[in-house]
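The values are calculated or read from the model by the stated rules, or taken from the named source; none is laboratory data. The model shown is predicted, which means the values in this text are computed figures rather than measured ones. In this analysis, Cβ positions are derived from the backbone assuming ideal geometry, glycine residues included, and neighbour counts consider all displayed protein chains. Each accessible area value is taken on the protein alone, full model and side chains, heavy atoms only, with ligands, DNA and RNA left out. Shrake-Rupley method; radii C 1.70, N 1.55, O 1.52, S 1.80 Å.
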Amino acid sequence: MKGKLRDILTKAATSAYGGPLPAFEIERPKSKAHGELSTNLAMVLAKSAKKNPVEIAKTIAENAKKSENDPDGLLENVSVAGGFLNFTLKRQAWLDSLQNLVALNKTFGFSGAHKGQKAVVEFVSANPTGPLHIGNARGAPVGDAIASLLKAVGWEVTREYYMNDVGGQIDKLGQSILYWIRHEGDEKAEGPEGYQGDYVKELALAAQERLGKKIPSDEDEAVRVLGRFGIDYLSEEIKRDCDDIGIHFDSWIHEKAVLATETEPVLKQLKEKGVTLEKDGALWLATNDEFLQDRECVLVRSDGRPTYFANDIAYHVDKYRRGFDRLINVWGSNHHGHVPRVKAAVKSLGYDPEKIETVLYQYVRVKRGNDAVKMSKRAGNFVTAREVLDEVGMDAFRFFLLMRAPESHLDFDLALATEKSSENPVYYLQYAHARLCSIERKAAEAGLPLDFGLGTLDLNLLELPEELEMIRLIHEYPEEVARAAEALQPHRIAFYLLELAKTFQAYYTKAKEDPRYRVISGQVDTTSAKLYLCRALKLTFSQGLTLLGVSAPEVMIQENADS
């Protein structure tokens with residue numbers, strides 16, 4: 001529908017002001033009083049046309065009504081408000097547009113807009129020196145949903161985890177494990193200076209069981225062996241957590257491998273480009289960018305070891321070499337300062353820094369009602385993702401971490417996430433889908449056809465204002481997917497689905513008192529039209545929930561979907 005309206009506006013504007021036209025938006029107004037659709041075309045034309053936006057809007061409105069610009073008679077009403085053009089479309093236009101939607105089935109909302117383009121989404125990438133905690137885990141469903149959205153609009157997507165498995169952190173972990181091996185059973189032991197938490201004691205026990213006499217007697221060698229053991233053990237644990245969150249990576253890139261093969265050539269190139277300097281015995285990145293004037297821009301330490309920053313530059317260079325058109329990083333907000341430095345480095349090497357896009361998410365506070373949940377004894381100073389996942393399940397885990405913009409702080413309410421009521425947003429959404437499935441089951445039991453032969457289907461029988469509103473909302477879905485993919489904002493889909501569910505649930509509830517709202521009635525043709533609308537709704541819920549990695553159950557506890 002928006003595409004058809006865009007064609008009308010393009011004809012109406014170019015006939016008066018010529019072309020090509022600047023980019024303009026067509027959106028659903030926040031207030032229904034402003035119509036069904038609205039555009040800022042007159043506002044963006046004002047500069048080039050050198051006219052008042054209101055005057056431009058009035059001219060476009062008059063032209064849009066002409067039959068040569070609106071040959072299908074799509075427009076019911078056009079109005080001007082402060083330079084914005086507001087439109088109401090004819091009811092028949094919305095009904096006609098619904099005709100072939102159900103036939104799309106699982107391709108509804110998908111497009112090939114970016115077919116042939118490649119994107120890599122790097123997310124989670126938690127340090128394997130401790131359990132995956134709920135803060136890092138926020139990036140799991142966010143990154144996964146971003147990848148799904150990109151695939152929905154045609155991108156070829158690689159989901160990637162970058163494993164930080166080199167550096168002093170390994171020795172620190174090895175020292176902590178060795179401490180508990182030496183203090184096994186010592187109740188007075190105060191704990192190591194390194195990593196805290198009961199998980200380190202678990203690692204010490206596991207190391208003794210699996211390595212036994214293979215643990216070297218030499219302390220430095222023991223630290224090395226135990227550090228590597230701990231990293232491998234925790235990496236496998238993180239992989240299991242990701243699997244249970246529904247995250248499946250296409251590739252696992254190890255910093256250790258990047259350091260062994262990629263870092264040195266990249267450092268050599270940076271030196272050849274003249275963007276490094278030696279200071280205090282270390283090698284620094286030294287471009288003209290002012291944000292590089294701090295110690296985090298060290299590439300090689302004074303002892304000769306490359307930094308994480310150097311390895312990360314090499315890792316990003318490898319992404320360019322693999323031919324990705326869009327390099328997306330989903331990182332914690334503490335990486336804010338790292339973003340411009342990586343961009344400056346790749347730019348100095350001749351790569352387009354604008355291909356790198358970073359979603360920075362805020363960390364999560366876990367609550368139970370109004371009370372903050374205490375930190376995990378196992379993790380030492382965090383609530384683990386596993387604790388939350390085991391309590392609320394995968395669907396609530398993912399949806400609650402997705403229903404706010406990543407840059408917003410998030411309170412994860414365990415009590416709400418496990419509640420089976422309309423107060424729980426994921427339950428509310430899934431219940432709407434299950435209710436639609438229940439309506440279809442009842443229709444099948446009554447012997448009503450559900451194959452929807454469009455030749456005999458009369459959608460003009462959808463006469464209620466709520467039915468037309470649901471049709472309008474259904475037609476928003478493909479555009480919401482496209483916008484969410486472009487802006488890397490999966491929470492847009494969560495917001496959209498909740499609005500659709502609210503509209504449907506209100507419609508459904510009215511059936512208890514008003515027979516016009518009952519889906520299944522003695523009027524066969526009207527029932528068929530309503531069942532078709534329900535099928536379109538069910539398809540939209542299913543598609544949207546699937547993009548978020550949340551299940552769309554057909555039956556739920558306490559389901560009571562009288563039709």
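Rolling a 1.4 angstrom probe over the chain with all protein chains present gives an accessible area of which 48% lies on carbon and sulfur atoms. Dipole magnitude for the chain: about 1320 debye, using +1 per Lys or Arg Cβ and -1 per Asp or Glu Cβ, origin at the Cα centre. For the chain, the mean residue ellipticity at 222 nm estimated from helices alone is -15500 deg cm²/dmol, where every DSSP H run of n ≥ 4 contributes -39500 (n - 2.57) and the total is divided by all residues, rounded to the nearest 500. In this structure, the amide hydrogen of V364, modeled 1.01 Å from its nitrogen in the peptide plane, lies closer than 5 angstrom to those of G135, counting only residues at least 5 positions away or on a different chain.
The residues of region 306-381 have, on average, 43 Å² of accessible surface per residue, using a 1.4 Å probe with all protein chains present. Placing +1 on each Lys and Arg Cβ and -1 on each Asp and Glu Cβ, with no other charges, gives region 63-135 a dipole about its Cα centre of roughly 120 debye. Between R224 and E184, the simple label model (points 7 Å from Cα in the Cβ direction) yields a spacing of 2.4 nm. Short-range pairs are left out: with C-alpha atoms under 8 Å and at least six residues apart, the relative contact order of region 59-152 is 17 percent.
Place +1 on the Cβ of every Lys and Arg and -1 on the Cβ of every Asp and Glu in the chain, take the dipole about the Cα centre, and give the residue among N329, I493, S421 whose Cα lies farthest towards its positive end. Farthest towards the positive pole: I493. Which of A444, P192, W94 sits closest to the plus end of the dipole of the chain, meaning its Cα is farthest towards the positive end, when Lys and Arg get +1 and Asp and Glu get -1 on the C-beta? Going by the Cα projections, it comes out as W94.
Let me make sure I get this right: for the chain, a, b and c are the square roots of the gyration tensor eigenvalues over alpha carbons, sorted descending. Under 1.5 in a/c it's rounded, otherwise prolate if a/b > b/c, else oblate. Which is it?
Oblate, because a/c is 1.5 or more while a/b does not exceed b/c.
Figure legend: label point modelled 7 angstrom from the Cα of T418 along Cα→Cβ; residues of region 390-412 with amide N under 19 Å from it are 390-401, 411-412.
Annotation: peptides 55-66, 519-530, ranked by per-residue average of other Cβ atoms within 10 Å with the highest first, follow the order 55-66, 519-530.
Judged by the mean number of other Cβ atoms found within 10 Å, the most tightly packed of the peptides 123-133, 358-368, 93-103 leads the ranking 123-133, 358-368, 93-103.
Computed on region 24-96, with alpha-carbon pairs under 8 angstrom and 6+ residues apart, the relative contact order is 32 percent.
Placing +1 on the Cβ of every Lys and Arg and -1 on the Cβ of every Asp and Glu, with nothing else charged, gives region 35-189 a dipole about its Cα centre of roughly 500 debye. Using a probe of 1.4 Å, the accessible surface attributed to W284 totals some 20 Å² when neighbouring protein chains are kept in position. The Cα center of region 20-42 and the Cα center of region 329-360 differ in position by 34 Å. Annotation: amide H of T276 within the under-5 Å range of A286, sequence separation 5 or more or interchain, hydrogens built in the peptide plane.
Region 425-482 and region 246-282 have Cα centres separated by 53 Å.
For region 195-260, the per residue solvent-accessible surface stands at 53 Å², with DNA, RNA and ligands left out and a 1.4 Å probe.
Here r is the Cβ-Cβ distance between S48 and E354 and R0 is 22 Å; the resulting FRET efficiency, rounded to 0.05, is 0.25.
Using a probe of 1.4 angstrom and keeping all protein chains present, the accessible surface of region 415-488 works out to 40 square angstrom per residue.
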